1. Scanning for something of a type in the set (D, E, K, R) and near ligand 2 (Cβ under 10 Å from one of its atoms), does segment B:358-381 turn up at least one residue?
2. Name the single residue that is nearest to the chain's Cα centre (by Cα) among those in segment B:170-203 being among the charged types (D, E, K, R), open to solvent by less than 30 Å² (accessible area, probe 1.4 Å) and away from chain A (no Cβ under 12 Å).
3. Among the numbered conditions (1) within 14 Å of chain B (Cβ to nearest Cβ); (2) surrounded by fewer than 21 Cβ atoms within 10 Å (Cβ to Cβ), tell me where A:Ile335 comes up short.
4. Within the bounds of segment A:123-137, is there any residue that is within 24 Å of A:Thr222 (Cβ to Cβ) and not in a loop (DSSP other than H, G, I, E, B)?
5. How many of the residues in segment B:73-107 are open to solvent by less than 10 Å² (accessible area, probe 1.4 Å), more than 17 Å from B:Gln198 (Cα to Cα) and in a helix (DSSP H, G or I)?
6. Show the residue pairs meeting these rules: Cβ distance below 9 Å; 6+ apart or different chains; first residue within segment A:166-188 and over 16 Å from A:Pro389 (Cβ atoms); second residue in a loop (DSSP other than H, G, I, E, B) and open to solvent by 50 Å² or more (accessible area, probe 1.4 Å).
7. Checking the condition among the acidic types (Asp, Glu) and within 14 Å of another protein chain (Cβ to nearest Cβ), which residue from A:Glu100, A:Glu112, A:Glu59 passes?
8. Hey, could you check segment A:295-321 for residues that are open to solvent by 10 Å² or more (accessible area, probe 1.4 Å) and of a type in the set (Asp, Glu) and say which is farthest from the chain's Cα centre (by Cα)?
Protein chains: 2
Amino acid sequence: MTEKTNTQDNSVLNGTKISRRDILKTAGVGGVGVILGASGLGGLLSLKEGNAATPDTKEIVPFYGKHQGGITTKTQNHVYFVSLDVTTAKKEDLVKLFKEWTKAAALMTAGEAVGELSGNEFMPPKDTGEAAGLSASNLTITFGVGPSLFIKDNQDRFGLKQKQPKELADLPKFPLDALEERWTGGELCIQACADDLQVAFHAVRNLIRIARGKAALRWAQTGFQRTKQSDTKNETPRNLFGFKDGTANPDVNSEKQMNQTVWVQPGDGPNWLVNGSYLVVRRIQMYIEVWDRTNLREQENTFGRYRDSGAPLGQKDEFETLDLQKKNEQGEYSIPVDSHTRLSHGNGSEKILRRAYSYSDGMDMKMGSFDAGLLFLCFQRTPSKQFIPIQNRLAKMDKLNEYTSHRGSAIFACLPGAKQGGFIGETLFN
Amino acid sequence: MTEKTNTQDNSVLNGTKISRRDILKTAGVGGVGVILGASGLGGLLSLKEGNAATPDTKEIVPFYGKHQGGITTKTQNHVYFVSLDVTTAKKEDLVKLFKEWTKAAALMTAGEAVGELSGNEFMPPKDTGEAAGLSASNLTITFGVGPSLFIKDNQDRFGLKQKQPKELADLPKFPLDALEERWTGGELCIQACADDLQVAFHAVRNLIRIARGKAALRWAQTGFQRTKQSDTKNETPRNLFGFKDGTANPDVNSEKQMNQTVWVQPGDGPNWLVNGSYLVVRRIQMYIEVWDRTNLREQENTFGRYRDSGAPLGQKDEFETLDLQKKNEQGEYSIPVDSHTRLSHGNGSEKILRRAYSYSDGMDMKMGSFDAGLLFLCFQRTPSKQFIPIQNRLAKMDKLNEYTSHRGSAIFACLPGAKQGGFIGETLFN
Ligand code: HEM
Ligand code: HEM
């Protein structure tokens with residue numbers, strides 16, 4: 001047979017016939033926040049955040065480090081998000097799963113296959129193959145654990161009950177919630193983000209394949225977004241309502257802000273989650289056809305911002321501090337009391353790191369319209385002081401509710417990062 | 001208010017506040033097959049295929065020309081495909097729709113908004129806005145008409161009955177078809193392809209919005225694919241079974257082959273379709289979990305090609321002519337009799353231009369697995385002599401059928417291209 005070897009070695013860490021690494025050498029220049037590192041596999045695996053750069057591994061976000069990638073990483077163009085349920089009853093299986101996931105994720109984020117792409121003809125190839133020849137595309141893989149991993153139907157399957165953080169609890173039911181089982185909950189989650197959807201899909205698929213017999217898919221959702229291409233200024237992306245979305249996010253480049261807002265700190269709760277973060281996911285349908293028939297003033301009053309510039313109403317620049325006291329000629333607040341910006345901002349004390357993607361899932365058969373909206377993903381240190389109070393205010397009176405409906409919901413604790421040689425979940429399971 | 005004008009002019013052809021054109025000047029270098037042309041709107045609209053290039057309009061595929069774009073255009077990374085049904089009973093509405101669609105498509109493929117992005121605050125903005133600031137991303141928009149536009153429930157609603165080509169008939173039921181109503185049929189179709197999913201979505205959404213009261217969404221399907229990035233050699237993309245897909249396609253750069261295989265020729269049928277093409281769409285679910293448990297030899301025997309190289313079994317190079325007579329040591333044909341390549345190739349007389357995309361629609365709730373597969377799109381001059389006989393052979397004995405299921409199906413006549421000043425559909429409706 002053509003171009004074949006007869007190696008029987010199928011272990012995850014072994015060489016691949018078509019190395020995705022080879023491709024990286026010819027890949028295009030990466031975006032902001034991309035780390036350039038050494039090119040060999042050994043080099044890649046030992047990369048740490050902020051490491052020195054050589055010019056031949058582009059579009060790679062380092063996997064190992066203090067924190068997991070995909071949280072403060074510059075938002076990539078696509079997300080493939082999956083929620084899973086555990087199917088094994090044994091803790092050792094779970095530990096094995098996280099060890100294997102860690103190895104596979106380290107390889108894939110470095111642009112490598114998870115094992116040989118073809119070799120032993122009497123075995124299924126270790127890697128599913130559809131990303132062969134593609135660059136790493138800034139792939140990040142972020143693992144999380146849900147409340148039901150710790151206790152489910154009153155059962156402490158894995159002896160983890162004592163380790164459940166108070167903050168890792170099912171979210172309360174909010175007014176107007178229209179949640180559907182098929183987009184809700186989960187014991188584990190994987191968020192794969194990449195600039196290439198095929199790369200993100202490949203990652204999730206191979207991780208789920210590795211999980212066979214230990215965990216199974218519960219629900220899956222893809223999302224997309226696109227900032228202005230090739231723009232050094234890195235313009236704020238627009239959501240499907242045509243507005244800039246992400247303007248008032250905390251600064252991912254400020255360690256101080258991230259420690260205040262995103263990363264769990266010592267003393268916050270159980271130690272195993274320090275340097276991790278809580279992820280809240282909401283699948284929010286957006287009634288784009290209704291929105292598209294709404295006049296511009298109403299649209300702008302809904303968000304409390306100008307559509308063109310993204311500036312707060314009554315103000316000039318997108319990034320200006322909100323002037324919540326300012327009134328217009330009619331003596332009303334420029335930023336209306338029921339506007340999304342005013343309500344989500346509140347008194348400014350609750351902040352979250354939003355990392356949302358648009359989704360579009362064909363047609364909503366019941367409504368005869370697009371099933372499109374926002375896969376709202378946000379990270380935070382303390383959900384009870386961040387997402388929950390904000391969403392309570394929004395659910396009560398946000399004008400945006402006329403155009404949206406929350407269809408899915410889940411909360412996960414995203415584990416701290418792993419050191420080279422360690423594994424994601426180590427602090428929880430050991 | 002900030003940065004606003006008070007223009008009341010909402011006509012489709014009028015200027016935009018945030019011009020997507022402005023962005024093109026800073027956009028990255030386009031891929032193979034991208035036409036570089038003049039930068040002004042006037043310049044763009046008058047671009048013809050193969051026109052001379054100036055360096056400041058990148059990632060634009062010319063809209064006007066002998067043929068529609070999106071057929072022989074180098075496959076972009078994303079497709080947004082929609083099927084629509086006509087809701088008006090008046091032919092003049094239909095004509096008006098195609099005129100408006102033509103104008104809007106010409107603008108959007110040139111990286112422009114379909115109208116102002118913000119202006120009159122008492123009106124909804126003409127353009128939905130989510131592509132503001134994005135490059136044209138090689139957007140193509142391809143319009144087609146289905147059999148039921150000509151006659152539906154025995155009614156000749158638009159006086160088009162006499163114009164229906166014999167070839168534009170509902171596809172026969174093939175063995176193993178498992179078609180679902182929600183992915184099948186349609187009176188009109190729009191295929192929007194772009195390297196940016198947000199740009200493709202924006203295009204389809206705005207075209208459907210323009211169609212309000214005249215036509216409505218019937219079904220929608222997105223798809224993705226990715227060739228090796230930044231590769232001048234333009235490697236064949238891989239499908240979700242990890243195999244190179246598209247190898248034996250006819251050469252889109254050969255006018256002769258395209259005239260033989262893809263473009264309807266004078267004498268083939270009604271004159272209005274000359275320079276158009278027939279599109280067959282099949283939504284084919286792929287059981288990737290089952291595939292992933294299949295050994296390499298079985299996988300390769302299923303396709304009749306090597307997974308690594310894409311070469312026919314028993315041969316060396318991906319692009320070698322199939323040697324269908326070659327036998328292996330066991331005296332069996334190297335390319336098995338029930339393999340997909342052998343059966344789809346047949347005696348080599350039937351060719352189609354495949355332009356397929358992978359899809360992944362979250363979870364198949366019934367199967368508890370991914371709902372993933374191939375949005376199979378193929379173009380041809382005469383379906384009865386191309387797709388239909390091939391699919392008849394495949395449906396009967398293709399080994400691939402063990403791993404796939406045809407869930408959706410439709411056929412459309414894709415109209416010839418329009419000249420600047422004309423409109424898509426002109427030859428049909430006049
Ligand atoms: C489809 C649903 C939603 C859409 C379309 C949306 C869109 C927006 C937009 C356009 C802005 C203003 C620009 C910016 O600062 O990013 C904004 C701000 C914000 N949104 Fe949302 N949002 C949605 C749901 C939510 C939810 C569920 C939450 C949390 C419970 C949330 C929290 C926030 C916060 C905290 C801000 C910044 C407020 C500030 O401090 O100025 N949003 N959102
Ligand atoms: C999920 C479904 C399908 C998959 C995964 C698939 C995949 C492939 C692959 C890997 C090849 C070999 C490489 C190449 O030449 O591109 C191929 C060839 C081909 N396929 Fe498919 N295919 C599918 C369905 C179909 C259908 C429905 C048709 C048409 C009825 C079709 C027609 C062809 C043709 C004409 C060739 C080239 C044969 C030759 O002349 O060598 N395929 N396909």
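The values are calculated or read from the model by the stated rules, or taken from the named source; none is laboratory data. Predicted, not measured: the structure shown is a model, and the values here were computed from it. Ideal geometry is used to build each Cβ from the backbone, glycine not excepted, and the neighbour counts take in all protein chains shown. Side chains included, ligands, DNA and RNA excluded: accessible areas come from the protein's heavy atoms. Shrake-Rupley method; radii C 1.70, N 1.55, O 1.52, S 1.80 Å.
1. Among the residues of segment B:358-381, not one is of a type in the set (D, E, K, R) and near ligand 2 (Cβ under 10 Å from one of its atoms), which makes the answer no.
2. From segment B:170-203, those among the charged types (D, E, K, R) are B:170, B:173, B:177, B:180-182, B:187, B:195-196; that's our starting set.
Retained after the next criterion (residues that are open to solvent by less than 30 Å² (accessible area, probe 1.4 Å)): B:177, B:187, B:196.
After this cut, where a residue has to be away from chain A (no Cβ under 12 Å) as well, the list is B:177, B:187.
Numbers: B:Asp177: 22, B:Glu187: 16 Å.
Once the filter is applied, the top-ranked residue is B:Glu187.
3. Tallying (1) within 14 Å of chain B (Cβ to nearest Cβ); (2) surrounded by fewer than 21 Cβ atoms within 10 Å (Cβ to Cβ), A:Ile335 fails exactly one: (2).
4. no
5. Looking only at that region, the number is 6.
6. Between residues of segment A:166-188 that are over 16 Å from A:Pro389 (Cβ atoms) and residues that are in a loop (DSSP other than H, G, I, E, B) and open to solvent by 50 Å² or more (accessible area, probe 1.4 Å), the close pairs are A:Leu179/A:Lys173; A:Arg182/B:Met365; A:Gly185/A:Asp170.
7. Working: A:Glu100 fails: within 14 Å of another protein chain (Cβ to nearest Cβ); A:Glu112 fails: within 14 Å of another protein chain (Cβ to nearest Cβ).
Unique residue meeting the criteria: A:Glu59.
8. Of everything passing the filter in segment A:295-321, A:Glu298 is farthest from the chain's Cα centre (by Cα).
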